[in-house]
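Taken together, the values in this text are just the output of simple stated rules run on the coordinates, not laboratory data. On a predicted model such as this, the values are computed, not experimentally measured, just so you know. Cβ sites come from the backbone with ideal geometry, for glycine too, and all protein chains shown count toward neighbours.
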Amino acid sequence: MLVIRLSRVGKKNSAYFRVVAMDKQKSAKGRALEVLGSVNPHKNEIVLKNERILYWIGVGAQPSDRVHNILVAKEVIKGKKITKKIRKSKKSEEEAAEEAPKAAEPNAEEPKKEEPKEEPKAEEKFEKKPAEEPKEEVKEEPKKEAEPKEEKKEEKPEQK
């Protein structure tokens with residue numbers, strides 16, 4: 001399968017990219033079938049061979065997400081830009097969790113003023129106690145089952 005993608009060229013800390021058509025299975029640093037343009041991110045300079053890009057797309061080459069967005073921005077092809085989801089690292093999730101309580105502090109003052117909401121919670125606690133009593137009954141039933149098992153154990157030694 002053919003792909004139109006960026007291939008990095010240039011010195012260390014001085015990135016420069018070529019827009020190339022190549023086989024998808026080959027490394028981006030490998031030999032390209034054709035160079036279709038270049039991108040210089042330091043000068044925000046993009047040079048493309050529009051006719052050749054349209055030819056390769058017509059042949060069946062698929063542009064990468066980044067190249068697709070460049071082609072849409074330069075109006076070589078029509079369509080919407082492709083947005084890529086960014087994964088949050090664990091550290092950023094922890095920072096967000098720390099910021100959430102800080103943001104909730106001004107809102108925390110409002111529930112303190114509303115004391116009637118706390119009273120129904122106390123009533124709910126009384127409702128939970130009857131639910132706990134049937135659990136105790138369930139515990140007694142397994143004990144009854146355990147007693148016959150002990151009797152069976154006693155019978156086995158008698159048979160020997």
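When a/c reaches 1.5 or more, the comparison of a/b and b/c decides; with that in mind, is region 2-73 rounded, prolate or oblate per its Cα gyration tensor? Oblate. Dipole size of region 2-73 about its Cα centre, with +1 on Lys/Arg Cβ and -1 on Asp/Glu Cβ: approximately 400 debye, rounded to the nearest 20. The residues packed around Lys84, meaning those with a beta-carbon under 11 Å from its beta-carbon, carry a net charge of +3 if Lys and Arg are +1 and Asp and Glu are -1.
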